[in-house]
1. Tally the residues that are more than 22 Å from Gly291 (Cβ to Cβ) and either out of contact with any strand residue (DSSP E or B) (no Cβ under 8 Å at 6 or more places or on another chain) or crowded, with 24+ Cβ neighbours inside 10 Å (or both), restricting the search to segment 22-37.
2. From (1) within 16 Å of the ligand (Cβ to nearest atom); (2) in a helix (DSSP H, G or I); (3) open to solvent by 10 Å² or more (accessible area, probe 1.4 Å), pick out the condition that doesn't hold for Glu288.
3. Looking only at residues in segment 163-177 that are near the ligand (Cβ under 7 Å from one of its atoms) and touching a strand residue (DSSP E or B) at 6+ places or on another chain (Cβ under 7 Å), which one is most open to solvent (accessible area, probe 1.4 Å)?
4. Which is within 16 Å of the ligand (Cβ to nearest atom) and loosely packed, with under 15 Cβ neighbours inside 10 Å, of Gly52, Gly89?
5. Are there strands (runs of 3 or more DSSP E) fully within segment 21-132 with at least 1 residues that are under 30 Å from Ala281 (Cβ atoms)? List them.
6. Against the definition (more than 16 Å from the ligand (Cβ to nearest atom) and at pLDDT 95 or above), how does Lys150 come out, yes or no?
7. Would you be able to tell me the number of residues in segment 218-275 that are touching a residue at least 60 places away in the same chain (Cβ under 8 Å), closer than 17 Å to Val307 by Cβ and touching a helix residue (DSSP H, G or I) at 6+ places or on another chain (Cβ under 7 Å)?
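The values are calculated or read from the model by the stated rules, or taken from the named source; none is laboratory data. Quick caveat, the model's predicted, so the values are computed rather than measured. Note that each Cβ is placed from the backbone with ideal geometry, even for glycine, and that neighbours are counted across all protein chains shown. Quick note on the areas: whole protein, heavy atoms, side chains included, nothing else; ligands and nucleic acids left out. Shrake-Rupley method; radii C 1.70, N 1.55, O 1.52, S 1.80 Å.
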Amino acid sequence: MSAVLIKDVKEEFIKTFKEQPLLVFSPGRINIIGEHVDYNGGFVFPAAVDKGIAAAIQKSDSGSCTAIALDLDSTIEFDLDKLKPSKEGSWENYVFGVVAEIQNRNKVVGDFNIIFKGNIPGGAGMSSSAALENSVVFGLNELFDLGLTKTEMILISQKAEHNYVGVNCGIMDQYASMFGIENNALLLDCRTIEAKPYEIDFKDHQLILINTNVKHSLSDSAYNDRRSACESIAKLLNIETLREATEADLEKIIDKVTPENYQKALFVIQEIARTQKAAKAIEDNDLEKLGALIYGSHNGLQHQYKVSCSELDFLVDQAKKNKSVLGARMMGGGFGGCTINLIARDEVKAFAESASKAYKNKFDKECSVYFIELAEGTHIVQ
Ligand code: GLA
């Protein structure tokens, strides 16, 4: 599938700029469990997938830079010495942000042209943004010999998101997209930014995604609010992040926080524990256990952390009614996007059909079912 994207950006690049480009593929990600804990220094369990963004990039001698988003049929021209955030929500902020953050590290980027095309729908909770950022930083690093390590590159991508896009995201998405390993998920410790790969072979079960095809507004501000709430509680507890807290610690400051924020911090502590238990369940091949933890994660995201929405809850309820689904939950930042489902292979088709039908009846719109393979991280395509 990515081969088609690569071919398209390459052909378009040669047609537009009359030159051979460098080709980069940067994947999106799933997350098995560990939601909203990356910015709390916790454990997450993502994997890069076989869907993402293809970029064709090359130096430019025209005296300025051009970036083209083929999917959006949108072209921008810009100068490297005049970078500033563009209007909120516009795709060029990902490009400007990455370039500006590279410059902030005193690395010199020359003029360049870049063309993108992707196959992850925006707002699906599969990190098309991280895929885009990583494709830019990876391409520029190669083209201008910047000597950046992969870890430096993902920190640049993350800063671009903070300072140009306005989302104070954690490191999970950029990490998974950059460091993905074929057929593996990564148990990532967000405190040290080090991961342990787990080969994922669920035998007669598999992971599928169902996209609600909704993205509720305010999700960015709600995200940033959650993050500051967590940070203020960590401060009250005199610790760096909630990763260092136990439920007992939290109990001691119960009078100093609102009941809502108490539940949010409690969720974070419990979700970090669930993620570690999920890793153990995978080691033990205990899919029932893994499924129960995944349902537990959704329950917390819905009722304690409050980042779900009726469409996501509905799809998880459909899963719960079906014995062949061992676990389901919302995935990513929330307020829309996909659910991830752990389901018996034989029953995938029947469940996908019944859930889609029920969804259509309830919301009068379509959901989309995605099949994914766990794939390699951001890389140059020869
Ligand atoms: C978004 C952010 C990530 C992470 C998830 C929630 O995808 O970019 O850093 O916080 O939400 O787990």
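1. Of the residues in segment 22-37, the ones more than 22 Å from Gly291 (Cβ to Cβ) are 22-28.
With either out of contact with any strand residue (DSSP E or B) (no Cβ under 8 Å at 6 or more places or on another chain) or crowded, with 24+ Cβ neighbours inside 10 Å (or both) added as a condition, the list becomes 24-28.
Qualifying residue count for the region: 5.
2. Condition (1) is where Glu288 drops out.
3. Start the filter on segment 163-177 by keeping residues that are near the ligand (Cβ under 7 Å from one of its atoms), which leaves 167, 169-173.
Pick out the ones that are also touching a strand residue (DSSP E or B) at 6+ places or on another chain (Cβ under 7 Å) and you get 172-173.
Numbers: Met172: 9, Asp173: 38 Å².
Across segment 163-177, the extreme among qualifying residues is Asp173.
4. Values: Gly52 fails: loosely packed, with under 15 Cβ neighbours inside 10 Å.
Selected residue: Gly89, the only one of Gly52, Gly89 that is within 16 Å of the ligand (Cβ to nearest atom) and loosely packed, with under 15 Cβ neighbours inside 10 Å.
5. Per the criteria, 22-31, 46-59.
6. Working: more than 16 Å from the ligand (Cβ to nearest atom): yes; at pLDDT 95 or above: yes.
Spelling it out, Lys150 is indeed more than 16 Å from the ligand (Cβ to nearest atom) and at pLDDT 95 or above.
7. Within segment 218-275, residues that are touching a residue at least 60 places away in the same chain (Cβ under 8 Å), closer than 17 Å to Val307 by Cβ and touching a helix residue (DSSP H, G or I) at 6+ places or on another chain (Cβ under 7 Å) number 9.
Residue-wise test of (1) modelled with pLDDT of 95 or more; (2) in contact with a Lys or Arg (Cβ under 8 Å, 6 or more places away or on another chain).
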| site | (1), (2) |
| --- | --- |
| Gln206 | yes, yes |
| His216 | no, no |
| Ser219 | no, no |
| Glu231 | yes, no |
| Glu240 | yes, no |
| Lys252 | yes, no |
| Val268 | yes, no |
